[in-house]
Amino acid sequence: MNRMGHRRLKILSIVLFLTGVIWIGSFTFPDSDLYLVIETDRGIRQWELSAGELKSEEIPELCMEDADHIVIQKIKVYRTFRSVCIRSLSYTELAACMEPAESGALIWEEEGIRFTGEPYVKIILNEKGRELFASLSQSFLMERICMAEGALILFLLMFVILTAAEEKKDMAGRDNHGPIFELRRFIKDIRKYYKYMIYAARTDLKAEVANSYLNRLWWLLEPFFNMLVYVIVFGGMMGRSIENYATFVFSALLMWNFFSKTINYSVKLVRNNKDIVTKVYVPKFVLLLSNMFLNIFKLLFSMIVLAGMLVIFRVSAGPEMIMVLFAYVILLLLSFGLGMIFLHYGVYVDDLSYAVNILLSMLMFLSGIFYEVMSTLTEPLNTIMLCLNPVAMAVDTMRQGLLYQEIVNVPLLVIWFLISLLLCGIGVHIVYKNENGYVKVV
């Protein structure tokens, strides 16, 4: 197939993608049942609300026959995906939509809302509560976004295949190789240069603390004092509603610092390493990976403080902590993929570093570093941030596994894992294709 045929297929793939997104946006979903997880002073309670209950005139009620009083602190609402929270209601919001039966009472307390009843607690939804949960049963924004992201994955995959096929032959008609060749070359270069990457990372680590009195302690003190500042600033607003707020913020700051440092470094990577780039051939991703190794080492060092905080605040450990690893794997892949793309365009666009700094500043405050996305942001911004902002999703997944022993966001983890892999492939392809021209620019 000639280049014109490949371009027509690309246009067709774009049209199919846009058509699919429009269809997803206009598709009518049937009302869904809701699954409520209720956090109380007596442990986790569950309550299922069917779409039929919410539509009927019958008042939905929750009976707790093992207690004559109970304190409700928070309710998390789930729909299609039982691991993705669609709404988190604080106890202040609960008081407006739930009430006790005639034999009970509702009492405000510092840690939650106390419901009482004789001989047992019975809680019913009032009219406002029924309207709220009925709207959650009918709103499918999260499902639409996930389906659109799935369509994006298929589109990117098709686009990569078509681009590889189009570039298979160079201008002289010779074999210009394809993605399989580039993958093999990438693995071969990793094996060839991994010792250099480790050596470069160690050298940079030593250089950072060469003339410092506190030496490596700065890698502990920097994130620790940042955490203190944010806890003091935001603690008065968020600390009352979030348990172990210092750990809540510090664990997220570690993830954010790694991501932001990697992206910031990648934009000016070629220009900052001009001496290496112009004098000896080194695959450009090697320079990025050596910086990532440096940041990973500093991250592991800072985690000593996090481990101490978990012990001090008596955060229990469980198998759900494996979600921390999954969240970091996706963040690593995303950082590398985006870093490779920014590495390329940073060579040609001088202003890109300023734009990236501004975007990272905005992203920091939209990623739930200092607050819980689903309970703090309003609808539909909280759902959009969780689904479309991979940093917010990774931070939320890490926190829920580390601090609350919950497995969450599984569909979103799969989606962003695939997108991150595609970004890595696209970034490696772009840099391999253009790296010989970087010397002329710098």
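The values are calculated or read from the model by the stated rules, or taken from the named source; none is laboratory data. Computed from a predicted structure; not experimentally measured. Counting neighbours? That spans all protein chains shown, and the Cβs are built from the backbone with ideal geometry, glycine included. Note: accessible area is taken over every heavy atom of the protein model, side chains too, but ligands, DNA and RNA are not part of it. Shrake-Rupley method; radii C 1.70, N 1.55, O 1.52, S 1.80 Å.
For region 178-197, what are the residues that are assigned to a helix (DSSP H, G or I), surrounded by 15 or more Cβ atoms within 10 Å (Cβ to Cβ) and not hydroxyl-bearing (Ser, Thr, Tyr)?
Result: Pro179, Glu182, Phe186, Asp189, Met197.
List the number of the failed condition for Leu338; all other conditions in (1) in contact (Cβ under 8 Å) with a residue 60 or more places away in the chain; (2) open to solvent by 60 Å² or more (accessible area, probe 1.4 Å) hold.
Here Leu338 meets the rest and fails (2).
Report the residue count in region 1-24 for those that are of a type in the set (Gly, Ala, Ser) and at pLDDT 90 or above.
Looking only at that region, the number is 1.
Take the conditions under 30 Å from the mean Cα position of the chain (by Cα), open to solvent by less than 80 Å² (accessible area, probe 1.4 Å) and at pLDDT below 85 and apply them to Leu162. Does it pass?
So Leu162 fits the description; yes.
Considering only region 274-281, I want to know if a residue exists there that is modelled with pLDDT under 75 and either among the small types (Gly, Ala, Ser) or assigned to a helix (DSSP H, G or I) (or both). Step through it out loud before you land on a result.
The initial filter retains those residues of region 274-281 that are modelled with pLDDT under 75, namely none.
Looking through region 274-281, none of the residues is modelled with pLDDT under 75 and either among the small types (Gly, Ala, Ser) or assigned to a helix (DSSP H, G or I) (or both).
Restricting to region 383-438, and then to whatever is among the acidic types (Asp, Glu) and over 30 Å from Val280 (Cβ atoms), can you tell me which residue is nearest to the chain's Cα centre (by Cα)?
Asp396
Within region 370-415, work out how many residues are of a type in the set (Ser, Thr, Tyr) and farther than 29 Å from Gly43 by Cβ. Working first, answer last.
Of all residues in region 370-415, those of a type in the set (Ser, Thr, Tyr) come to 371, 375-376, 378, 383, 397, 404.
So of that shortlist, the ones also farther than 29 Å from Gly43 by Cβ come out as 378.
Of the residues in region 370-415, 1 are of a type in the set (Ser, Thr, Tyr) and farther than 29 Å from Gly43 by Cβ.
Please list, ordered by first then second residue, the pairs with beta carbon atoms under 7 Å, 6 or more apart or interchain, first in region 155-166 and over 11 Å from Ile426 (Cα atoms), second at pLDDT 75 or above and open to solvent by 50 Å² or more (accessible area, probe 1.4 Å).
Note: pairs meeting the criteria are Leu162/Leu9.
Could you tell me which residue of region 59-81 is nearest to Ala134 (Cα to Cα), considering only residues that are out of contact with any helix residue (DSSP H, G or I) (no Cβ under 9 Å at 6 or more places or on another chain) and not in a strand (DSSP E or B)?
Residue satisfying both the conditions and the ranking: Glu65.
Restricting attention to region 299-316, and to residues there that are outside any helix (DSSP H, G or I) and not β-branched (Val, Ile, Thr), which single residue is surrounded by the most Cβ atoms within 10 Å (Cβ to Cβ)?
Phe313
Which of the residues belonging to region 345-388 are in a loop (DSSP other than H, G, I, E, B) and closer than 26 Å to Met227 by Cα?
Scanning region 345-388 gives Ser367, Gly368, Ile369, Phe370, Tyr371, Glu372, Leu377, Thr378.
Filter region 372-391 down to residues that are open to solvent by 30 Å² or more (accessible area, probe 1.4 Å) and either of a type in the set (Ser, Thr, Tyr) or touching a strand residue (DSSP E or B) at 6+ places or on another chain (Cβ under 8 Å) (or both) and give me whichever is farthest from Ala246 (Cα to Cα).
Among those that are open to solvent by 30 Å² or more (accessible area, probe 1.4 Å) and either of a type in the set (Ser, Thr, Tyr) or touching a strand residue (DSSP E or B) at 6+ places or on another chain (Cβ under 8 Å) (or both), it is Glu379.
Within region 82-92, track down each residue that is assigned to a strand (DSSP E or B) and over 15 Å from Asp33 (Cα atoms).
Listed by number, the residues that qualify are Ser88, Leu89, Ser90.
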